[in-house]
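Chemist: Take this structure first; my questions come after.
The values are calculated or read from the model by the stated rules, or taken from the named source; none is laboratory data. Only a predicted model underlies this, so the values are computations on that prediction, with no experimental measurement involved. Glycine also receives a Cβ, built like all others from the backbone with ideal geometry; neighbour counts cover every protein chain displayed.
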Amino acid sequence: MDRLSLSNKSANTRALEELAKSVGNYLPTAAQGLCPVDTAASYIGACLAQSCGKCVPCRVGLRKLGELYEKILSGKGEESDIGLIESTASVIADSADCAIGYVAGEMALTSVRAFREDYESHIARNWCCAREEHPVHCLALCPAHVDIPGYIALTQKGRYADAIRLIRKDNPFPSVCGLICEHPCEEGCKRNLVDDAVNIRGIKRFAAEKAGYVPAPACAEPTGKKVAVIGAGPAGLTAAYYLALMGHKVSVYEKRNHPGGMLRYGIPDYRLPEKILTDEINVILETGIDLHLGVDIGKDISIKEIAESADAALIAIGAHSDKKLRIEGEDLNGVVSAVTLLRGIGDGEKPDFTGKKVCVVGGGNVAMDCARSSVRLGAEKVSIVYRRRQADMTALAEEVEGAIAEGCEPVTMMAPVRIEGDENGNAKYLVCQPQIISTIGRDGRPGVKAAGVPEVKLEADIVIVAIGQAIESAHFGEFGLPLKWDTIAASDECHFETASGIFCGGDCATGPATVIRAIAAGKVAARNIDKYLGFDHEIEVDIDIPAPSLLDRPACGRVTMKERDADERKNDFELVEKCMTEEEAGQECSRCLGCDHFGYGKFRGGRCFKW
Amino acid sequence: MVNLKIDGIDVSVPENTTILEAAAKAGINIPTLCFLKDINEIGACRICVVEIEGIEKLRAACNSPVEEGMSVLTDSPRVRQARKTNLQLILSQHDSKCTTCYRNGNCSLQSLAESFCLTGNSFPETPAANNWDYSYHLIREESKCIKCMRCVNVCDKIQTLKIWDVNGTGSRTTVGVTGGKKINEINCALCGQCITHCPVGALHERDDTAKAIKALDDENLVTVVQIAPAVRAAWGEHLGLTREEATVKKLVSALRKMGFNYIFDTNFSADLTIMEEGSEFVEKLTHKDENKFPMFTSCCPGWVRFIKTEYPDMVDMLSTAKSPQAMFGAVTKTYFAEKIGVKPENIFCISIMPCTSKKSECDIEALNSSGVKDVDIVLTTREVDRLIKARGIDAKALEEEEFDSPLGDGSGAAVIFGATGGVMEAALRSAYFLVTGKNPDPDAFKAVRGFDGPWREAEINIDGTVIKVAVASGLGNTRQLIEAIRAGRVHYDFVEIMACPGGCGGGGGQPIHDGEELAPVRGENLYCLDKNNPIRFSHENPAVLKVYEEYFEKPLSHKAHELLHTDHFSWDVIK
């Protein structure tokens, strides 16, 4: 026999790999609403299958943990078992010889510490108090709880206007979200178990484009109540829309000259064209909302006066102020904050970057927006300077890829130290200290530390600081509303214990977040303002959802969105992303597993016909 | 219309018909287990799976809509194998000790297993252990539960009390009391609708037949039994009798054969209830400013438990009149005890009720007014049927016999207490008389009959006074009505509520016919008995007139208040 041979994968190995991959897909998708105790027990069971059996803590310890879990889950647990799990897991984590053992021990430890109350509930009452029911994952994960299976079924049947009406029951921005929603819904899509999540956002965009203009529904009988909304961003306009539908008289006050908030002043046209945004806002305004532009609350009129002018007031001012790098040279000419740059572009004031070298500092979506806008403004070179690795960027992967395709260069592992200027006070160099990736922090993200190498100088005529936004909340703090850092500390119900009749939601209450979260806040605020005004209006839509398709859903690749050629698109601010074709949308709709009908959804519903 | 083929047979059905319904139309029976029309169409048991040409996965017939051109196979080898394996899996967790089960002979799982020619099980049978307080009125046996989720959905959708919930997780998922509570720690109305909709013997009332037999065997006890109105419309269903054959007089005969000393009729005390409740209503109407309206009926213990826990601020709107069962117990152990010269503690008072909640009502100490327990035990219709069988009585051979006197007389107004709207109709007949001194046409208030909508309403003109009444049955419907009243959307003077859909005819203690709702049929039976009764008015019941003459003097007298009325605030649903 030959002494050496190539180790090819056997059929067994391949099958095991398939299985592992399948479980890998299964776990995050199935994580919606599981019992923490049962989940920990199952994970430990899986870990035990990996144990080589050499060392005691892993071979015996994990088995004993498994037995303790089984005892608790079958209702025979005793109070002392929790302590025994904790001490055993701790010893496994401390004394196992390799990662198979100590990682399993750490998992058990994390679980028993994070969910102690649930362990106790299992033991005392055989009842899981931490289990959450999410009959339809996508719908539950959408902050505004849009009826996703419903509109996908309608889109598949070609009932586009109905799909838009159904979306508008929970979200008055279907076209906007079809283009730029971060789609948290897709994370829990059960289709991940089979192959890949349904392209939910793409389907929504397709439905919105196909539907064209769909009028707003009729408003309820006028109630005679007046509501003032401060801020015409997604949160404010969403609240205004639903409040108007409920029959209240709504006045929206906007500081800028156009409505839309960050949708207009934060997101560039090539991602969200101005016309689509304006059309969508016009439908919202059809409900009879009074829009007052160019009114700065705190300068032109105080919050006190606004609050007194109406029966209730909603603060939804967003997060439009910039955050500073706090480094030397930040006051040089050519150093600009992301919000300032994007706001100018939103107002039609496009600076000329022709021939300039631009450094964008940051790794989020706003940084990508600035970088890609800079390319379109004629920049000679655009660098995206980021402290961590590309993989650690918080921007959506497709945004990063888009920027790179358009010629932006990620310069990663670089922490800005100072900006050096020329004799005229213009920025010249961004000086950075190279970093080395380091240990993982509490937030699960790897930290960085200064690498033992000299500083580097990046040429930079323009430095765009995109490291987050702040909230101009001081005026509201003076009025007596509670502030936490710079956010206005409203409750999850969007109101305050101390200020009756004043509501608050969106980025200004949460800190900078996503559009769909702002929309959700607008919805919650509208509901609670209506209740505060003494009403119990319900927002509903009369649409019959098509019967579930009984067809099989075989494994099938996900249709991804196509984009215009990078060479072409980088020269203009026209929309980059192309819409799905009818063929693609049809196939993508048919990939939806219909969780509203198949599985737990049929038992526990999850769909709300009205709210 | 949608055209399809089922097992090669062409069928044409309206859109949105399920495969199950379409197959039934073609004369093809697809077996089901968890399915309950409109209530539980969740496809959990996977017994009704069928093969659809061109589709790889088997689909549940119960909730899959037909599609044009579809070809369905309901009995292919794949289908049979899937059903058989799933059935065996269900049985592997079911305690199949059928011989000692309450549902022996009336169990959907048992008959399903029979239809599959199962001999043994490929899987070891490991039913879960039971953990329940068997002294409670409602009993759940974990070892028999097949997790069909019907009880959860019946309580959620029909009764809106959400007593049952999914318990445990993953493979340990089962049904339990919401929040992991004990059954006596939660606001259960004890209506028993979960029992009558359970396909197996996992849910049942506490069996009190042994206590009845013990009392019958005790020579020192005088046994007095009362038969509730709705029992007579259902007791023969599982004894091989047709509705025409199963008269209440044959039930009297059966009870007499068992050795009960006095066989009386709850119709007597239903008439008494009308006298008290009707007078209370007329009294309230004449002092309209001092009273809250509507006045609610108080004869249904499930409803009383419901309002006490769900709308405690409205409890003072309940009539203070005790229920007919409780009035009967009070009269038996005072008036009747004196009459026959027996001490109340030597009388054993048994009720035969269509109801599970009555078992709990008779345990409420505050309702006793004789110094001892007024009603000792309650047997459901199902329990009395079992007792008849246990005593070897041939129901077919029973001859009709009369009730005993004096508490055996009842009017037609009393017998319709067993149907939704009946109490209201009976009360209006007598209220009209109390106000005008004249009898109305006994059928003048028929508008409150029926089963349409969440509730029914009527306007009655009594001598120039227009009174608005409403009737609801089922606690979900009740909740809708009460919410409408609270929101000021509707206004009524008098409202009748029955916890069970259709009233006592559909009571939680009635014989179980899986998948059938028999309240309408049984109600029809009661309306027929009313029509044929020469006495149609409670205030004309001679026994009632006599008890006032000899004992209570008049409705709402001091003595009547003492024995026939109660303070609803004197006890709590959750102790």
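Chemist: Only one of (1) surrounded by 15 or more Cβ atoms within 10 Å (Cβ to Cβ); (2) assigned by TED's automatic domain parsing to the domain that holds A:Asp422; (3) not small (Gly, Ala, Ser) is not met by A:Asp331, so which one is it?
Modeler: (1)
Chemist: If only one of A:Ala338, A:Ala319 is within 30 Å of A:Lys562 (Cα to Cα) and not charged (D, E, K, R), which one is it?
Modeler: The unique qualifying residue is A:Ala338.
Chemist: Inside region A:340-365, can you point out the residues that are closer than 15 Å to A:Ala379 by Cα and assigned to a strand (DSSP E or B)?
Modeler: Within region A:340-365, A:Lys357, A:Val358, A:Cys359, A:Val360 qualify.
Chemist: Need pairs with beta-carbon distance below 8 Å; first residue at positive phi and within region B:466-494, second small (Gly, Ala, Ser); sequence gap 6+ or separate chains.
Modeler: Final answer for the pair search is B:Gly474/B:Ala499; B:Gly474/B:Gly502.
Chemist: Turning to a different aspect of this structure: Of all residues being within 31 Å of the chain's Cα centre (by Cα) and polar (S, T, N, Q) in region A:392-432, which is surrounded by the most Cβ atoms within 10 Å (Cβ to Cβ)? Just the residue, please.
Modeler: Restricting to residues being within 31 Å of the chain's Cα centre (by Cα) and polar (S, T, N, Q), the top hit is A:Thr412.
Chemist: Can you give me the number of residues within region B:162-183 that are outside any strand (DSSP E or B), of a type outside the set (Lys, Arg) and within 14 Å of another protein chain (Cβ to nearest Cβ)?
Modeler: The qualifying residues number 9.
Chemist: Also, quick follow-up: Which members of region B:478-531 meet the condition of being of a type in the set (Val, Ile, Thr) and in a helix (DSSP H, G or I)?
Modeler: Answer for region B:478-531, where residues must be of a type in the set (Val, Ile, Thr) and in a helix (DSSP H, G or I): B:Thr478, B:Ile482, B:Ile485, B:Val521.
Chemist: Given the condition within 30 Å of B:Gly437 (Cβ to Cβ), in a helix (DSSP H, G or I), assigned by TED's automatic domain parsing to the domain that holds B:Gly302 and of a type in the set (Gly, Ala, Ser), answer yes or no: does some residue in region B:556-572 qualify?
Modeler: yes
Chemist: Here are A:Leu109, A:Leu139: which of them is closer than 19 Å to A:Leu68 by Cα and not in a loop (DSSP other than H, G, I, E, B)?
Modeler: That would be A:Leu109, the only listed residue that is closer than 19 Å to A:Leu68 by Cα and not in a loop (DSSP other than H, G, I, E, B).
Chemist: Here is a follow-up. For region B:201-244, enumerate the residues that are in a loop (DSSP other than H, G, I, E, B), free of Cβ contacts under 8 Å to residues at least 60 places away in the same chain and of a type in the set (Asp, Glu).
Modeler: Matches in region B:201-244: B:Glu219, B:Glu244.
Chemist: If we scan region B:148-155, do we find a residue that is within 13 Å of chain A (Cβ to nearest Cβ), in contact with a Phe, Trp or Tyr (Cβ under 7 Å, 6 or more places away or on another chain) and in contact (Cβ under 8 Å) with a residue 60 or more places away in the chain?
Modeler: Within region B:148-155, one or more residues are within 13 Å of chain A (Cβ to nearest Cβ), in contact with a Phe, Trp or Tyr (Cβ under 7 Å, 6 or more places away or on another chain) and in contact (Cβ under 8 Å) with a residue 60 or more places away in the chain.
Chemist: Residues that are part of a helix (DSSP H, G or I) and either in the same structural domain as B:Phe35 (by TED's automatic domain parsing) or without any contact (Cβ under 8 Å) to a residue 12 or more places away in the chain (or both): does region B:533-552 have at least one?
Modeler: So far as region B:533-552 goes, yes, one or more of its residues are part of a helix (DSSP H, G or I) and either in the same structural domain as B:Phe35 (by TED's automatic domain parsing) or without any contact (Cβ under 8 Å) to a residue 12 or more places away in the chain (or both).
Chemist: Here is a follow-up. Could you say whether any residue in region A:436-456 is surrounded by 12 or more Cβ atoms within 10 Å (Cβ to Cβ), in contact (Cβ under 8 Å) with a residue 40 or more places away in the chain, among the aliphatic types (A, V, I, L, M) and within 30 Å of A:Gly355 (Cβ to Cβ)?
Modeler: Checked against the condition, which is being surrounded by 12 or more Cβ atoms within 10 Å (Cβ to Cβ), in contact (Cβ under 8 Å) with a residue 40 or more places away in the chain, among the aliphatic types (A, V, I, L, M) and within 30 Å of A:Gly355 (Cβ to Cβ), region A:436-456 yields at least one hit.
Chemist: I would also like to ask the following. Condition first: more than 19 Å from A:Leu34 (Cβ to Cβ), away from chain B (no Cβ under 14 Å) and either assigned to a loop (DSSP other than H, G, I, E, B) or in contact with an Asp or Glu (Cβ under 6 Å, 6 or more places away or on another chain) (or both). Can you find one or more residues in region A:184-193 that meet it?
Modeler: No; the residues of region A:184-193 include none that is more than 19 Å from A:Leu34 (Cβ to Cβ), away from chain B (no Cβ under 14 Å) and either assigned to a loop (DSSP other than H, G, I, E, B) or in contact with an Asp or Glu (Cβ under 6 Å, 6 or more places away or on another chain) (or both).
Chemist: Would you mind stating whether B:Lys57 is within 14 Å of chain A (Cβ to nearest Cβ) and either hydrophobic (A, V, I, L, M, F, W, C) or under 29 Å from A:Arg604 (Cβ atoms) (or both)?
Modeler: Considered against the rule, which asks whether it is within 14 Å of chain A (Cβ to nearest Cβ) and either hydrophobic (A, V, I, L, M, F, W, C) or under 29 Å from A:Arg604 (Cβ atoms) (or both), B:Lys57 comes out as yes.
Chemist: Evaluate region A:405-413: report whether one residue or more is within 23 Å of A:Glu563 (Cα to Cα) and assigned to a helix (DSSP H, G or I).
Modeler: yes
Chemist: Among the residues of region A:121-137, what is the count of those that are touching an Asp or Glu at 6+ places or on another chain (Cβ under 7 Å) and more than 8 Å from chain B (Cβ to nearest Cβ)?
Modeler: Counting residues in region A:121-137 that are touching an Asp or Glu at 6+ places or on another chain (Cβ under 7 Å) and more than 8 Å from chain B (Cβ to nearest Cβ) gives 3.
Chemist: Next up: Within region B:73-101, take every residue that is among the aliphatic types (A, V, I, L, M) and crowded, with 17+ Cβ neighbours inside 10 Å and give me the one that is farthest from B:Thr126 (Cα to Cα).
Modeler: Across region B:73-101, the extreme among qualifying residues is B:Leu73.
Chemist: In region B:541-555, which residue that is under 30 Å from the mean Cα position of the chain (by Cα) and crowded, with 18+ Cβ neighbours inside 10 Å is nearest to B:Pro440 (Cα to Cα)?
Modeler: Among those residues, the one meeting the criterion is B:Asn541.
Chemist: Taking region B:115-166 as the region of interest, how many residues are surrounded by fewer than 15 Cβ atoms within 10 Å (Cβ to Cβ), under 20 Å from B:Leu190 (Cβ atoms) and polar (S, T, N, Q)?
Modeler: Total meeting the criteria: 2.
Chemist: Further question on the same structure: Hand me the list of strands (runs of 3 or more DSSP E) wholly inside region A:436-555 holding 3 or more residues that are over 30 Å from A:Asn426 (Cβ atoms) and away from chain B (no Cβ under 14 Å).
Modeler: A:446-450, A:502-504
Chemist: Looking only at region A:373-391, which residues are buried (at least 20 other Cβ atoms within 10 Å of the Cβ), in contact with a strand residue (DSSP E or B) (Cβ under 8 Å, 6 or more places away or on another chain) and touching a residue at least 60 places away in the same chain (Cβ under 8 Å)?
Modeler: A:Ser374, A:Val375, A:Ala379, A:Ser383, A:Val385, A:Arg387, A:Arg388
Chemist: Next up: Answer yes or no as to whether A:Tyr69 is of a type in the set (Phe, Trp, Tyr) and modelled with pLDDT of 85 or more.
Modeler: yes
Chemist: Counting just the residues of region B:21-42 that are surrounded by fewer than 23 Cβ atoms within 10 Å (Cβ to Cβ), in a loop (DSSP other than H, G, I, E, B) and out of contact with any Cys (no Cβ under 6 Å at 6 or more places or on another chain), which one comes out nearest to the other protein chains (Cβ to nearest Cβ)?
Modeler: Step by step, filter region B:21-42, then rank; the result is B:Ile39.
For (1) under 27 Å from A:Glu17 (Cα atoms); (2) surrounded by fewer than 20 Cβ atoms within 10 Å (Cβ to Cβ), each residue gets a yes or a no:
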| residue | (1), (2) |
| --- | --- |
| A:Cys47 | yes, no |
| A:Cys52 | yes, yes |
| A:Cys58 | yes, no |
| A:Leu73 | no, no |
| A:Ser90 | no, yes |
| A:Ala96 | yes, no |
| A:Gly105 | yes, no |
| A:Ala108 | yes, no |
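Chemist: If you don't mind, another one. Could you tell me whether region B:400-417 includes any residue that is in contact with a Ser or Thr (Cβ under 8 Å, 6 or more places away or on another chain), surrounded by fewer than 24 Cβ atoms within 10 Å (Cβ to Cβ) and assigned to a loop (DSSP other than H, G, I, E, B)?
Modeler: The answer is yes, given that some residue of region B:400-417 is in contact with a Ser or Thr (Cβ under 8 Å, 6 or more places away or on another chain), surrounded by fewer than 24 Cβ atoms within 10 Å (Cβ to Cβ) and assigned to a loop (DSSP other than H, G, I, E, B).
Chemist: A:Gly83 versus (1) over 36 Å from the mean Cα position of the chain (by Cα); (2) surrounded by 14 or more Cβ atoms within 10 Å (Cβ to Cβ); (3) among the small types (Gly, Ala, Ser): which is the lone unmet condition?
Modeler: (2)
Chemist: Any residue at all in region A:560-578 that is surrounded by fewer than 17 Cβ atoms within 10 Å (Cβ to Cβ), β-branched (Val, Ile, Thr), away from chain B (no Cβ under 14 Å) and under 22 Å from the mean Cα position of the chain (by Cα)?
Modeler: Within region A:560-578 (the criterion being surrounded by fewer than 17 Cβ atoms within 10 Å (Cβ to Cβ), β-branched (Val, Ile, Thr), away from chain B (no Cβ under 14 Å) and under 22 Å from the mean Cα position of the chain (by Cα)), the answer is yes, since at least one residue qualifies.
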